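Asks: Questions regarding the structure given below will be posed in turn.
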Amino acid sequence: MEQRSVLPAGKLGSHPLSAEELAARLAAAPPPGLRRSQDARPRGDHDLNPDMYPTAPLVSAAVLVPIIARREGLTALFTLRTAHLSAHAGQISFPGGRVEPADADETATALREVEEEIGLPREKVRLIGRLDTYVTRTGFRIHPLVGLISAPLALRPDPREVAEVFEVPLDFLTDPANCRRHSRIYQGQERFFWAIPFGQRYIWGATAGIVVNLSELLRPTA
C-alpha cells in the first residue's frame with residue numbers, strides 16, 4: 001500500500017512546473033561552484049548569521065530532495081525525525097546523512113540514505129540536479145541532490161529514525177511569499193533562519209535553506 005500524507009495546499013501557483021520542465025530548469029542552471037562568487041563562502045546558516053561559520057573541520061553529508069511526480073502536480077517529500085534521536089530530534093528534514101567510508105561519493109550517500117530511511121529503492125530515483133553545498137553551524141557540509149520519483153510509492157520508513165513521511169506541493173514551497181526569515185534567541189543572541197510554515201508543519205533551518213536554493217534556481221530569469 002502506498003504511504004502518503006500530502007497536506008492541503010491552499011492557493012498555489014497558476015502555472016505549476018511539470019516534471020520535465022523541472023528537470024530542464026535544473027539542467028540549465030549553472031554548476032553549484034559557479035553560482036556564488038569564487039571568494040564567497042558556501043551557502044549556509046552563516047548567510048543570515050555571519051559569525052556562525054564553523055571553525056572546526058567540516059563533516060561531509062548528503063541529502064536527497066525527493067520530488068514526486070503525481071497526476072495533480074509535483075510535491076516534495078520530507079521526513080519527520082523521531083523524538084529520541086541524538087541529533088535534530090523531532091525536526092523536519094530530507095532523507096540523508098553523513099558520508100560513510102564505503103560510499104563512493106555524495107550521490108551514493110544520498111541514495112543509500114533514502115533506501116535506509118524510507119525504504120525507497122535507489123533505482124526508482126532519477127537524479128536531475130544538484131543544489132548548492134550547505135554548511136551548518138554544527139559543522140556539516142551538506143550536498144543536496146534532487147531526485148525525481150514517479151508515483152505511486154511503496155515506502156517502508158525506518159521507525160528508529162522516521163516518525164512520519166509527508167509531502168508538500170512544490171509550487172507552494174517555491175513561492176517566495178511562503179518562505180520567511182524568523183529569529184530566536186540562542187545563547188543570548190538573536191539568530192536568524194529561514195522558515196516555511198505549512199499547516200501544522202514548520203520547515204526551518206538547513207532544510208528550509210535548501211528549499212530556498214531550489215526556489216531560486218527554478219525561478220524564471222525573464
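The values are calculated or read from the model by the stated rules, or taken from the named source; none is laboratory data. Bear in mind the structure is a predicted one, so any value in this text is a computation, not a measurement. Reconstructed Cβ throughout: ideal geometry from the backbone, glycine too, with neighbour counts over all protein chains shown.
Asks: Hey, could you check the stretch 191-222 for residues that are part of a helix (DSSP H, G or I) and among the β-branched types (Val, Ile, Thr) and say which is farthest from Pro176 (Cα to Cα)? Give the derivation first.
Replies: If we filter the stretch 191-222 for residues that are part of a helix (DSSP H, G or I), which is where we start, we get 205-218.
So of that shortlist, the ones also among the β-branched types (Val, Ile, Thr) come out as 207, 210-212.
Numbers: Thr207: 15, Ile210: 13, Val211: 10, Val212: 8 Å.
Within the stretch 191-222, the match that is farthest from Pro176 (Cα to Cα) is Thr207.
Asks: Report the residue count in the stretch 135-185 for those that are touching an Asp or Glu at 6+ places or on another chain (Cβ under 8 Å) and not small (Gly, Ala, Ser).
Replies: The number of residues fulfilling the criteria is 14.
Asks: Further, regarding this structure: Is there a residue in the stretch 178-189 that is of a type in the set (Ser, Thr, Tyr), at pLDDT 95 or above and within 30 Å of Thr55 (Cβ to Cβ)?
Replies: no
Asks: Collect the residues in the stretch 96-110 that are in contact with a strand residue (DSSP E or B) (Cβ under 7 Å, 6 or more places away or on another chain) and outside any loop (DSSP other than H, G, I, E, B), keeping them in residue-number order.
Replies: Taking the stretch 96-110 and keeping what is in contact with a strand residue (DSSP E or B) (Cβ under 7 Å, 6 or more places away or on another chain), we get 96-99, 106-107, 109-110.
Those that are in contact with a strand residue (DSSP E or B) (Cβ under 7 Å, 6 or more places away or on another chain) and outside any loop (DSSP other than H, G, I, E, B): Gly96, Gly97, Arg98, Glu106, Thr107, Thr109, Ala110.
Asks: Which one of Gly199, Gly205 is over 17 Å from the mean Cα position of the chain (by Cα) and at positive phi?
Replies: Gly199
Asks: Oh, and also: Sort through Pro169, Pro176, Pro159 and tell me the only one that's touching a residue at least 24 places away in the same chain (Cβ under 8 Å), surrounded by fewer than 18 Cβ atoms within 10 Å (Cβ to Cβ) and more than 23 Å from His46 (Cβ to Cβ).
Replies: Pro159 is the lone residue from the list that is touching a residue at least 24 places away in the same chain (Cβ under 8 Å), surrounded by fewer than 18 Cβ atoms within 10 Å (Cβ to Cβ) and more than 23 Å from His46 (Cβ to Cβ).
Asks: Still on this model: So in the stretch 23-78, with the set limited to residues that are more than 14 Å from Asp132 (Cα to Cα) and of a type in the set (Asp, Glu), which one is modelled with the lowest pLDDT?
Replies: Asp39
Asks: Please determine, by comparing only the residues of the stretch 203-222 that are surrounded by 14 or more Cβ atoms within 10 Å (Cβ to Cβ) and among the hydroxyl-bearing types (Ser, Thr, Tyr), which one is farthest from Ala23 (Cα to Cα). Break it down into steps so the answer makes sense when it comes.
Replies: To start, the set of residues in the stretch 203-222 that are surrounded by 14 or more Cβ atoms within 10 Å (Cβ to Cβ) comprises 203-218.
Okay, now just the ones that are also among the hydroxyl-bearing types (Ser, Thr, Tyr), so 207, 215.
Numbers: Thr207: 21, Ser215: 13 Å.
So the residue we want is Thr207.
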